[in-house]
Structure formats: C-alpha cells, structure tokens
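A short worksheet on the structure shown next.
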Amino acid sequence: MPRIHLTDMTVRTLKPDRVRPQTTYWDKSLRAFGCRITKSGTKSWVVMVGRNRRLITLARYPETSLKDARVLAHNALSEPAKPIEKATPFEDAVSLFVAAAKAKTRPRTYTGYERYLHRFFVPKFRRSPIREVETHQVMDIIDALIDVPIERLHVFNTVRTFFRFCVQRRLITTSPLQGIAAPGRFHKRTRVLNLDELRAVWRAACEDPTPFGPIVRLCILTGQRRGEIGQLRREWFNEKERVLVLPAGVCKNKVQHTLPYGQMVQDVLDTLPSHDGYLFPGRKYHKKKTNDDSRSFGGWARGKYNLDGRCPLAPWALHDLRRTFATTHAQIGTPIHVTERLLNHVSGTLGGIVSIYQQHSWFPQMQAAVEAYEAHLSSLFRAETRQAAE
C-alpha cells in the first residue's frame, strides 16, 4: 500500500483505483494511520492496532476532517487493545444494534433495519456466534435478491451498517462485508404523474374506504411527505383560519412547518372522525382489527397495493405525488420560492445565506398559491370531487 504525507489537499484529491476494490494510503507522519478509498470513491479514516494488526475504521471523510481523524487515531493507538467479547449470538447482536439505532435515527430508519435483518438474516444465523458468520453466507442471501435490485441494495446497506456497528462494539474484529462493493446504486426518481394519471389516482383514492384513500388525497392536495400526512393529528389544524402546523419532530428536516390549506383539504377532513389524536391511527392485529390510538397509520404497502388494483398505472410511488405537486405549481405560475415554502424545503432558493437574511414568511403568497392550485385541481377533478362529497 502507498505511503504519502496526508494533508487536506492530498486527501481531497485522492482518486480511487479502478482495478482494486479499495486502496489504503498510509500516512508517513503517523504510522498505522491512513485514508482508505473504495472503488466507488468513498473515503474513510483507518488505523491499524495491536499485534494482530487489526484494522479499525475511525470515521468517514469529509464528515470528519484530517485534524480530527488524527486525534481519533492517536487515541486508538494509545489505548490498550480491547479483547473481543466472547461469542455473541447473531440474534442478540441484532437486538443490540436495533436498540442503538432507535436512540439516534428516525423510526422509519430503525424499523427498516429491524425488518430486513429479521426477515433475511436472523432465521439463518439466529443463535450462531456472530464472529463465525462468513462473507459467502451473507452474500448468498443478498445475491438471491437479484430480481428485486432496489430491495437487494437496501438489504446490503442494512447488513453492512449492522456489521460495522458490531466491529465498533468489539463483537467481531472485521466485517464480513469489508471491501465488498454495493450491488448497484440508488437512482434519483424523476417520475411525475400526467393529468390522466393524476385523475385516475384521485378517483381511486375517493373510492377507497380505508384511511389510505384520504391520505393519498391529502398528499395530492398539500404536497407533504407521506410520513408527515400519516402522522397528522386533529389538534394541528386550525380549521377556522385554515392553517396546518406540522411540529418540527414530524418534519424530515426538523423545521416546524406552517402552511395554509383550502376547501378541498377541508372536505377530506370533514369525512374523518372529529376527535383529537391521530387522524389516521394504526391498527391492532392481535385479536380484532381495531384502531390503536397510540400509534399512527402503518399500512403503506397494503394500501398502495390495493390502490394500484383500482388504477393500474406505470410504476409510481407516493413520493411522486410530491414531485407532481411541485411541477403543477410551476405550470400554473407559482413562484419557485413560494413552492419551496409550501414543501418546507430549507435548501434551494431559500437555502444558504438567503435563509439567514430572508425571514419573510411568504404566508399571503402561500395562501394565494393554494387557492390557485385547488382551483386548478377542481377543474381537473370536478366529477371525482362531486362523487366524494356525495
């Protein structure tokens, strides 16, 4: 492996080797410390410790600077090597990982980790010592998902994150997936529903008697994320002023979002129970399928499957409705900064230095945009809207 003087400039300009899966550049000034770069271009700080020359990944670059990485390396080299704990069953390691993830990630993230690990890996390894799990065993499971490439990539990223956690907790010395490239990459979605598709989805949502129908209609009308709509509570609505306030804890960007809404949204609200709490509570499945007011809606997969049965279209996702919302606003002449306010975007035209000096709420402009948007949709959905009202 090459030895170089690691500086901010050299690390920034390091290029991946197009042949080898990963290359480690060792620092000449601090022995056993280096920067590892994968074939895909990901850079990580590493240090080699102990008589057995155990490699530890310290942090990612550029999230952690060279200066901070040197401090981490000095600490790792100065501490006596901690022994690997005795054989920990795979299932117990998963429970430890999920508990740690729950404390620092969003519910959708840690529940995804838990679902993928228990579905694909726990049944095979359950009480096997995690340090005995081999690379080919893990990759056999991942390779079996070749017909579902997106799920395959999600599963790979989940189990790779899990094994990295196990290395940090000294449950294993190295990850079975160390140096293994991801089976593909995620592509940015650009799907926007055309007018006929949007009409079809609206009509199917109006005909859907389950909570999923109103959820889809609110996604179309407000442009908010599906998770934010699924967690809506009655007390967040000021129906007199026609204003909805989403708390920061619900929003993806952790910024409270205040937005106006119009008559079409009110029509949807009028079809829902009027008591406080979640507009779309979860379900109890132990004995009877009754509402569980302690948690919000969670039947996304089943709801989307049933909706697709009512209006078969080219593959689409609920988040495409948010992109369609933004595109429609552009078509009817809504200024981009007003659309971004409606979407609760903190980047784009309102990001950076603008977010510091521009403190105007744009609320009157947002109200005008909502009225124009609902008038536009009303002309498209006139028949479907009348049917829903009846």
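Hey, does the range 174-190 have a residue that's among the hydrophobic types (A, V, I, L, M, F, W, C), assigned to a loop (DSSP other than H, G, I, E, B) and in contact with a Pro (Cβ under 9 Å, 6 or more places away or on another chain)? Yes, because at least one residue in the range 174-190 is among the hydrophobic types (A, V, I, L, M, F, W, C), assigned to a loop (DSSP other than H, G, I, E, B) and in contact with a Pro (Cβ under 9 Å, 6 or more places away or on another chain).
Looking at the range 195-203, is at least one residue touching a residue at least 12 places away in the same chain (Cβ under 8 Å) and in a loop (DSSP other than H, G, I, E, B)?
Step one: of the range 195-203, the residues touching a residue at least 12 places away in the same chain (Cβ under 8 Å) are 195, 197-203.
Now narrow it down to the ones that are in a loop (DSSP other than H, G, I, E, B): none.
No, the range 195-203 has no match at all.
The set of residues from the range 23-42 being under 33 Å from the mean Cα position of the chain (by Cα), surrounded by fewer than 18 Cβ atoms within 10 Å (Cβ to Cβ) and on the phi < 0 side of the Ramachandran plot comprises THR24, LYS39, SER40, THR42.
Please state which one of PRO176, PRO211 is modelled with pLDDT under 95, within 26 Å of SER296 (Cα to Cα) and in contact with a Phe, Trp or Tyr (Cβ under 9 Å, 6 or more places away or on another chain).
On the way: PRO176 fails: within 26 Å of SER296 (Cα to Cα).
Result of the check over PRO176, PRO211: PRO211.
Of the candidates LEU307, LEU313, the single residue that is in contact with an Asp or Glu (Cβ under 7 Å, 6 or more places away or on another chain), part of a loop (DSSP other than H, G, I, E, B) and at pLDDT 90 or above is LEU313. Of the residues in the range 130-143, at least one is surrounded by 13 or more Cβ atoms within 10 Å (Cβ to Cβ), in the same structural domain as VAL159 (by TED's automatic domain parsing), in contact (Cβ under 8 Å) with a residue 40 or more places away in the chain and not in a helix (DSSP H, G or I). Among (1) small (Gly, Ala, Ser); (2) assigned to a loop (DSSP other than H, G, I, E, B); (3) in contact with a Lys or Arg (Cβ under 7 Å, 6 or more places away or on another chain), there is one condition SER40 misses while meeting the rest; what is its number? SER40 satisfies every listed condition except (3).
Can you find a residue in the range 250-263 that is in contact with a helix residue (DSSP H, G or I) (Cβ under 7 Å, 6 or more places away or on another chain) and assigned to a helix (DSSP H, G or I)? Yes; the residues of the range 250-263 include at least one that is in contact with a helix residue (DSSP H, G or I) (Cβ under 7 Å, 6 or more places away or on another chain) and assigned to a helix (DSSP H, G or I).
Listed by first and then second residue, the pairs linking a residue in the range 331-351 that is assigned by TED's automatic domain parsing to the domain that holds ALA248 and on the phi > 0 side of the Ramachandran plot to a residue that is of a type in the set (Val, Ile, Thr) and at pLDDT 85 or above, with Cβ atoms under 8 Å apart and 6 or more places separating them unless they lie on different chains, are ASN344/VAL255; GLY348/ILE336. Within the range 268-290, one or more residues are at pLDDT below 90, outside any loop (DSSP other than H, G, I, E, B) and small (Gly, Ala, Ser).
Identify all residues within the range 144-173 that are part of a loop (DSSP other than H, G, I, E, B) and either hydrophobic (A, V, I, L, M, F, W, C) or at pLDDT 95 or above (or both); write none if there are none. Spell out how you get there, then give the answer.
From the range 144-173, those part of a loop (DSSP other than H, G, I, E, B) are 144-148, 169-173; that's our starting set.
Listed by number, the residues that qualify are ALA144, LEU145, ILE146, VAL148, LEU171, ILE172.
The values are calculated or read from the model by the stated rules, or taken from the named source; none is laboratory data. Computed from a predicted structure; not experimentally measured. Here the Cβ is made from the backbone with ideal geometry for all residues, glycine too, and neighbour counts use every protein chain on show.
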